[in-house]
Every structure is written in C-alpha cells, then in structure tokens.
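Here's the structure we're looking at; comments come further down.
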Amino acid sequence: MLKEKSQKNTSRKPVFIVRLEDNRNAQATYRVPEDLYWEIKEQISSFRSFSTQAKPVRCLETGDIFHCARNAAAWLYDRQVTTNCSADSIIKAACHGKRDGAYGYHWEFVK
C-alpha cells in the first residue's frame, strides 16, 4: 500500500509583528492581525525617530550631488579619502553647520 505525501501549504498568510523595545532591549513581541498592525503603525507614525526620506547632499568643491550622505561617504571611501565607517555622520554634521567641512570638502543638503 502506497501512502500519498501530504502537500505543504505554500500560500502562507503574511505575519505582522509588533516589537516593543526599551533602550534596545526587547520587552515583548506580538503577532497581530493585519488591521491592528496598520492601526498601530498609523497611531505611532508621528513618534518615528528617523526620517524615511534620504536627503541629497552636494559637495561644494566638485558640485557632485549624492542621493544621501551614505553614498557621499562611499564616494570618499572609493577615492581613498577616508576609511572611517562613520563618514556619513560627519558629512551630515557638516551639512547641518555643526562642522566647517568633512574630509577636506564642504557639504550642503540639496533642497
């Protein structure tokens, strides 16, 4: 007698997870229905810590415009100007006027 193998259900429902943290320590993780997930996301959207849009930056000396400070940092790395892994933070600080420049260049956000 041959047994048929049961077919696995490959059409899984998407999983919606809400994770609460306190100083980067997970406090609790919840699997919630989709409608509750979207409601929570809407309610807390005004408290979001980070911008969802990258800001383009311009190098004033070269006139090059980069999609974001991270791309500008990669450009500096490729030119062997820096090996600093936080170069994008320093470029952003220069764009905000907190520094005169970064890595021998002057930077600004593109409006």
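Values as computed for the structure displayed
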{"quantity": "The range 26-61, subset aliphatic (A, V, I, L, M) and over 21 Å from the mean Cα position of the chain (by Cα), residue nearest to residue 87 (Cα to Cα)", "calculated": "60"}
{"quantity": "Residue that is of a type outside the set (Lys, Arg) and within 15 Å of the chain's Cα centre (by Cα), where the choices are 64, 88, 78", "calculated": "88"}
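Readers should treat all values here as calculations from the given coordinates under stated rules, not as data from a laboratory. Source: prediction; values computed, not measured.
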